[in-house]
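Shown next, in C-alpha coordinates, is the structure this report addresses.
The values are calculated or read from the model by the stated rules, or taken from the named source; none is laboratory data. For clarity, every value in this text was computed on a predicted model and none was experimentally measured. With ideal geometry, Cβ positions are generated from the backbone for all residues, glycine too; neighbour counts draw on all protein chains shown.
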Amino acid sequence: MTTDKDACELLDADHIAVKHLFVEYARLAMAAPAESAGERQALAEKICSELTVHAQIEEEIFYPALRQALGADDLIDEAEAEHQQAKELIAQIQAVGAAGPQMDDLVALLARAIEQHVKEERDVLFTKARSVSGLDLVELGGKLKERQGELQGQLA
Ligand SMILES: [Fe+2]
Ligand SMILES: [Fe+2]
(Lines give C-alpha, C1' and ligand atoms only; values in the text may rest on other atoms or scores of the structure.)
(Ligands and ions follow the chains in the order given, each with its own letter.)
Protein backbone atom coordinates (compact mmCIF):
# COMPACT_ATOMS: atom_id res chain seq x y z
CA MET A 1 0.00 0.00 0.00
CA THR A 2 1.42 3.38 -0.95
CA THR A 3 0.61 6.89 0.12
CA ASP A 4 1.44 10.35 -1.12
CA LYS A 5 2.13 11.55 2.40
CA ASP A 6 5.47 10.91 4.02
CA ALA A 7 5.59 9.75 7.64
CA CYS A 8 5.81 13.24 9.15
CA GLU A 9 3.01 14.60 6.97
CA LEU A 10 0.77 11.67 7.83
CA LEU A 11 1.38 12.00 11.57
CA ASP A 12 0.93 15.75 11.46
CA ALA A 13 -2.39 15.36 9.62
CA ASP A 14 -3.52 13.32 12.66
CA HIS A 15 -2.25 16.06 14.99
CA ILE A 16 -4.27 18.68 13.12
CA ALA A 17 -7.41 16.52 13.00
CA VAL A 18 -7.35 15.87 16.75
CA LYS A 19 -6.64 19.54 17.45
CA HIS A 20 -9.89 20.39 15.63
CA LEU A 21 -11.76 17.88 17.82
CA PHE A 22 -10.32 19.46 20.98
CA VAL A 23 -11.28 22.95 19.78
CA GLU A 24 -14.81 21.81 19.00
CA TYR A 25 -15.11 20.10 22.40
CA ALA A 26 -13.99 23.26 24.22
CA ARG A 27 -16.34 25.44 22.17
CA LEU A 28 -19.34 23.25 23.03
CA ALA A 29 -18.36 23.02 26.72
CA MET A 30 -18.27 26.81 26.86
CA ALA A 31 -21.30 27.61 24.70
CA ALA A 32 -23.82 24.94 25.70
CA PRO A 33 -22.60 22.79 28.59
CA ALA A 34 -25.98 21.14 29.24
CA GLU A 35 -27.32 20.81 25.70
CA SER A 36 -24.10 19.52 24.15
CA ALA A 37 -23.33 16.72 26.64
CA GLY A 38 -24.10 13.93 24.17
CA GLU A 39 -22.09 15.58 21.43
CA ARG A 40 -19.14 16.14 23.79
CA GLN A 41 -19.24 12.54 24.91
CA ALA A 42 -19.04 11.41 21.28
CA LEU A 43 -16.19 13.86 20.64
CA ALA A 44 -14.30 12.61 23.70
CA GLU A 45 -14.65 9.01 22.51
CA LYS A 46 -13.36 10.00 19.08
CA ILE A 47 -10.43 11.95 20.56
CA CYS A 48 -9.48 8.98 22.76
CA SER A 49 -9.66 6.38 20.01
CA GLU A 50 -7.82 8.52 17.45
CA LEU A 51 -5.03 9.32 19.90
CA THR A 52 -4.76 5.68 20.93
CA VAL A 53 -4.24 4.56 17.32
CA HIS A 54 -1.89 7.47 16.65
CA ALA A 55 0.28 6.70 19.70
CA GLN A 56 0.38 3.02 18.83
CA ILE A 57 1.59 3.52 15.24
CA GLU A 58 4.24 5.95 16.47
CA GLU A 59 5.40 3.47 19.10
CA GLU A 60 5.35 0.44 16.80
CA ILE A 61 6.80 2.00 13.65
CA PHE A 62 7.90 5.65 13.77
CA TYR A 63 9.81 5.82 17.04
CA PRO A 64 11.78 2.58 16.48
CA ALA A 65 12.78 3.83 12.99
CA LEU A 66 13.96 7.10 14.56
CA ARG A 67 15.90 5.27 17.24
CA GLN A 68 17.67 3.31 14.56
CA ALA A 69 18.35 6.23 12.21
CA LEU A 70 19.11 8.95 14.77
CA GLY A 71 20.26 7.16 17.87
CA ALA A 72 18.32 9.86 19.73
CA ASP A 73 17.26 7.51 22.47
CA ASP A 74 16.77 10.19 25.13
CA LEU A 75 14.35 12.15 22.92
CA ILE A 76 12.36 9.04 22.09
CA ASP A 77 12.33 7.91 25.72
CA GLU A 78 10.86 11.30 26.63
CA ALA A 79 8.23 11.09 23.88
CA GLU A 80 7.21 7.60 25.05
CA ALA A 81 6.91 8.84 28.65
CA GLU A 82 4.60 11.60 27.37
CA HIS A 83 2.51 8.97 25.59
CA GLN A 84 2.22 7.12 28.88
CA GLN A 85 0.91 10.25 30.61
CA ALA A 86 -1.59 10.80 27.80
CA LYS A 87 -2.77 7.19 28.06
CA GLU A 88 -3.46 7.66 31.76
CA LEU A 89 -5.62 10.72 31.00
CA ILE A 90 -7.37 8.82 28.20
CA ALA A 91 -8.17 5.97 30.61
CA GLN A 92 -9.58 8.48 33.11
CA ILE A 93 -11.75 10.11 30.43
CA GLN A 94 -13.03 6.72 29.29
CA ALA A 95 -13.78 5.79 32.92
CA VAL A 96 -15.82 8.97 33.46
CA GLY A 97 -17.91 8.06 30.42
CA ALA A 98 -20.48 10.86 30.43
CA ALA A 99 -19.72 14.50 29.59
CA GLY A 100 -19.81 16.97 32.47
CA PRO A 101 -17.42 19.18 34.44
CA GLN A 102 -15.14 16.26 35.33
CA MET A 103 -14.77 15.12 31.74
CA ASP A 104 -14.37 18.73 30.57
CA ASP A 105 -11.43 19.22 32.94
CA LEU A 106 -9.77 15.97 31.87
CA VAL A 107 -10.23 16.75 28.16
CA ALA A 108 -8.72 20.22 28.70
CA LEU A 109 -5.74 18.63 30.50
CA LEU A 110 -5.29 16.12 27.69
CA ALA A 111 -5.52 18.90 25.08
CA ARG A 112 -2.69 20.80 26.78
CA ALA A 113 -0.52 17.70 27.18
CA ILE A 114 -1.01 16.74 23.54
CA GLU A 115 -0.34 20.28 22.32
CA GLN A 116 3.01 20.29 24.11
CA HIS A 117 3.91 16.81 22.88
CA VAL A 118 2.97 17.64 19.28
CA LYS A 119 5.06 20.81 19.41
CA GLU A 120 8.10 18.72 20.37
CA GLU A 121 7.41 16.19 17.64
CA ARG A 122 7.12 18.91 15.04
CA ASP A 123 9.99 21.10 16.19
CA VAL A 124 12.47 18.41 17.17
CA LEU A 125 11.65 14.88 16.02
CA PHE A 126 10.25 15.67 12.59
CA THR A 127 13.04 18.15 11.92
CA LYS A 128 15.64 15.53 12.80
CA ALA A 129 13.82 12.83 10.83
CA ARG A 130 13.84 15.03 7.73
CA SER A 131 17.50 15.90 8.03
CA VAL A 132 18.96 12.44 8.60
CA SER A 133 20.02 10.38 5.60
CA GLY A 134 19.04 6.73 5.31
CA LEU A 135 15.51 7.19 6.58
CA ASP A 136 12.93 6.73 3.82
CA LEU A 137 10.04 8.82 5.12
CA VAL A 138 7.78 7.97 2.19
CA GLU A 139 8.21 4.24 2.77
CA LEU A 140 7.70 4.77 6.48
CA GLY A 141 4.54 6.77 5.74
CA GLY A 142 3.17 3.80 3.81
CA LYS A 143 3.81 1.47 6.75
CA LEU A 144 2.17 3.91 9.19
CA LYS A 145 -0.89 4.25 6.97
CA GLU A 146 -1.29 0.52 6.58
CA ARG A 147 -1.06 -0.14 10.32
CA GLN A 148 -3.37 2.78 11.06
CA GLY A 149 -5.98 1.24 8.75
CA GLU A 150 -5.70 -2.12 10.52
CA LEU A 151 -6.06 -0.61 13.98
CA GLN A 152 -8.98 1.60 12.96
CA GLY A 153 -10.66 -1.49 11.51
CA GLN A 154 -10.23 -3.32 14.82
CA LEU A 155 -11.80 -0.44 16.75
CA ALA A 156 -14.73 -0.02 14.36
FE1 LIG B 1 3.73 11.10 19.87
FE1 LIG C 1 2.29 12.39 17.22
Practice task
Considering only residues that are within 30 Å of ALA65 (Cα to Cα) and at pLDDT below 95, look in segment 1-44 and name the one that is nearest to ligand 1 (Cβ to nearest atom).
Solution key: LYS5
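Quick grid of which residues meet (1) in contact with a Cys (Cβ under 6 Å, 6 or more places away or on another chain); (2) farther than 19 Å from ILE114 by Cβ; (3) of a type in the set (Val, Ile, Thr):
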| residue | (1), (2), (3) |
| --- | --- |
| HIS15 | no, no, no |
| LEU21 | no, no, no |
| SER36 | no, yes, no |
| ARG40 | no, no, no |
| LEU43 | no, no, no |
| VAL53 | no, no, yes |
| GLN56 | no, no, no |
| ILE61 | no, yes, yes |
Exercise for the section: Specify which of the listed residues (ALA13, ALA44, ALA65) is small (Gly, Ala, Ser), more than 25 Å from ALA95 (Cα to Cα) and touching a helix residue (DSSP H, G or I) at 6+ places or on another chain (Cβ under 7 Å). Expected result: ALA65
Handout entry: Count of residues meeting criterion [crowded, with 16+ Cβ neighbours inside 10 Å and away from ligand 2 (no atom under 16 Å from the Cβ)] in segment 42-62
Key = 2
Problem - Output for segment 18-41, where each listed residue is exposed (fewer than 14 other Cβ atoms within 10 Å of the Cβ), in a helix (DSSP H, G or I) and of a type in the set (A, V, I, L, M, F, W, C) - result: VAL23, MET30, ALA31
